[in-house]
Amino acid sequence: MYSQVSTAAWSLALVAQLVGADNPGQIGSYNGLAVTPAMGWDNWNAFGCDVSEDLLLGTAQKIVDVGLRDLGYNYVILDDCYSDGRYPNGTIKPNFQKFPNGFKHVSDRLHALGLKYGMYSSAGYLTCGRYTASLGREMTDAQTFADWGVDFLKYDNCYNGGQSGTAQISYTRYKAMSDALNATGRPILYNMCSWGDDGPWNWAQTMANSWRMSGDVYDSFSRPDERCPCTGDEPGYLCALPGFHCSILNIMNKMAKIVSKTQTGAQNDMDALEVGNGGMTDDEYLTHMSMWTLEASQLVMGTDIRSLDPSAYSILANPAVLALNQDPAVSAGARRWIHQVADKDENDAGNIQLWARTMNNTDAVIALVNAGNTLRDMNATLADIFFDQGGVISPQARQGWDIYDLWANRMDNETASSILNGTAPAIISVDDMLNQTTRWNVSMMSYAEGLNANASALFGKMIGSVDALGTVTAKNVSRHGVALYRLRANGKGMSKLDARDEL
Ligand code: GAL
């Protein structure tokens, strides 16, 4: 099944080349990749420059052993600080202390595990860690990456020689690498890491698969930090100083302004996940994970997988939440409202938020985020949830819905531990999997197929219903927590208003 998936990606990429990289209309992705958001792991958030072959391959093995590959996390991405200058012929020289067998070896080992290989460089004269980078050397480096068997390129923005400041200048600089990757003939997912500089959401869809839309995430839910000077409230959210130490709420606030720009094949990238790194509470990590999935951000784990704790595992590995991220109708949830609340400490945003998204099968998913400082009940009217569907009150709001809690079947710590230590029973067949509520394997059935089949693991747990024109209530949403609900039309109760309309 895995090889079928990659064959499909290859042939789509071929189609992309035939129709021309600047003509995405037919296929929704300029190169056929990232049709749904990429999933994987990147070392940066947990390890920074401390990279090595052992780290990559040890992590890769664990990703396979604990079922994360089978949940879809298949790109293993090596970030900055891996090189040792260049050879006399101009090609990148690996740091052989960190990677004694070079990168083709790493790539072969990853591929043998059924994983894909991600690499990093910068559209600048140096990477952010001041290693050699690719500006002006795009053709050479793209070919080197292709020769190494690279499947994904994260392409940073440091030391860009001042070639930024207008969309046109940034576009030209990033397009050079896009063209160079295409010229290799190898399908390589192109992830621009330009931190929102010059508004890539306005121009990157025809030449990249994803683009970072903020300065770097950090392991804090809401604490403001002057090193992340932009808040998202800048006009048009255009920000010249993206920075780093951007909190989860900071990035959500920026994302709210540009949700319309996410699509199949080309997504806003909210940065790698911090789940598991220890700086947030469990509730905060649930909110972080919920919002990254609802927003169709690529899902790149950013923690030490070799020592993952059960509670982080059960957040990263919840199939009902991952199916939301991988929904075939790729779009980002829209923020319907944000209200200030009184309960707030000095580091708190002190607000509550409703986000909503329509799924491929016409279900809706909502996130009620409690960014206040105390536990509370939260309410969302159907009129607000379905605001986008038109009319003063949309037809969707005038019918009944069943409510499914996407976190209700979160795996308990005992089950997660048994998976992490290798004692859990394997999923033995599709029928076995369709009887499970907490586990999934995309090599047996894709999320799209599972959603069509109403697989219980992908829908969480039904917790109630809401009548036409009614209000969804989430009880006891924790401080900094979230209620992540999938609403399924139950065919009940066209409202009187509706019945009268039809007479
Ligand atoms: C930053 C980038 C990070 C990481 C780092 C490496 O610019 O946003 O995600 O790649 O560089 O130095």
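Every residue in region 27-58 that is out of contact with any Lys or Arg (no Cβ under 6 Å at 6 or more places or on another chain), hydrophobic (A, V, I, L, M, F, W, C) and not in a loop (DSSP other than H, G, I, E, B), please.
39, 41, 44, 46, 47, 55, 56 - these are the residues of region 27-58 that are out of contact with any Lys or Arg (no Cβ under 6 Å at 6 or more places or on another chain), hydrophobic (A, V, I, L, M, F, W, C) and not in a loop (DSSP other than H, G, I, E, B).
For region 145-162, give me each residue that is surrounded by fewer than 21 Cβ atoms within 10 Å (Cβ to Cβ), under 27 Å from the mean Cα position of the chain (by Cα) and more than 14 Å from the ligand (Cβ to nearest atom).
146, 148, 149
Only one of these is surrounded by fewer than 20 Cβ atoms within 10 Å (Cβ to Cβ), touching a residue at least 24 places away in the same chain (Cβ under 8 Å) and away from the ligand (no atom under 15 Å from the Cβ): 166, 172. Name it. Talk me through it step by step, then tell me what you get.
Values: 172 fails: touching a residue at least 24 places away in the same chain (Cβ under 8 Å).
After applying the criteria, what remains is 166.
Can you say whether residue 269 is within 16 Å of the ligand (Cβ to nearest atom) and more than 22 Å from residue 322 (Cβ to Cβ), as far as the supplied structure shows?
On the way: within 16 Å of the ligand (Cβ to nearest atom): yes; more than 22 Å from residue 322 (Cβ to Cβ): no.
Considered against the rule, which asks whether it is within 16 Å of the ligand (Cβ to nearest atom) and more than 22 Å from residue 322 (Cβ to Cβ), residue 269 comes out as no.
Considering only region 229-246, state which residues are within 29 Å of residue 359 (Cβ to Cβ) and either surrounded by fewer than 24 Cβ atoms within 10 Å (Cβ to Cβ) or without any contact (Cβ under 8 Å) to a residue 24 or more places away in the chain (or both). Even if it seems obvious, please write down each step before you answer.
To start, the set of residues in region 229-246 that are within 29 Å of residue 359 (Cβ to Cβ) comprises 232, 236-237, 246.
If the condition is that a residue be within 29 Å of residue 359 (Cβ to Cβ) and either surrounded by fewer than 24 Cβ atoms within 10 Å (Cβ to Cβ) or without any contact (Cβ under 8 Å) to a residue 24 or more places away in the chain (or both), then 232, 236, 237 are the ones that fit.
Scan (1) out of contact with any strand residue (DSSP E or B) (no Cβ under 6 Å at 6 or more places or on another chain); (2) of a type outside the set (A, V, I, L, M); (3) exposed (fewer than 15 other Cβ atoms within 10 Å of the Cβ); (4) not in a loop (DSSP other than H, G, I, E, B) for the single condition residue 85 breaks and write down its number.
(1)
Of the residues 454, 441, 476, 409, which is under 24 Å from the mean Cα position of the chain (by Cα) and at positive phi? Quick ask: steps written out before the conclusion?
Values: 441 fails: at positive phi; 476 fails: under 24 Å from the mean Cα position of the chain (by Cα); 409 fails: at positive phi.
Selected residue: 454, the only one of 454, 441, 476, 409 that is under 24 Å from the mean Cα position of the chain (by Cα) and at positive phi.
Would you be able to say whether some residue in region 122-135 is within 16 Å of the ligand (Cβ to nearest atom), closer than 27 Å to residue 35 by Cα, out of contact with any Leu (no Cβ under 8 Å at 6 or more places or on another chain) and of a type in the set (Val, Ile, Thr)?
Within region 122-135 (the criterion being within 16 Å of the ligand (Cβ to nearest atom), closer than 27 Å to residue 35 by Cα, out of contact with any Leu (no Cβ under 8 Å at 6 or more places or on another chain) and of a type in the set (Val, Ile, Thr)), the answer is no, since none of the residues qualifies.
Restricting to region 53-91, give me the number of residues that are within 16 Å of the ligand (Cβ to nearest atom) and in contact (Cβ under 8 Å) with a residue 24 or more places away in the chain.
So the count comes out to 10.
Quick note: the coordinates plus some simple rules give every number you see, no bench work behind them. Remember, it's a predicted structure, so these values are computed and weren't measured experimentally. Glycine gets a Cβ as well: all are built from the backbone with ideal geometry, and neighbour counts include every protein chain shown.
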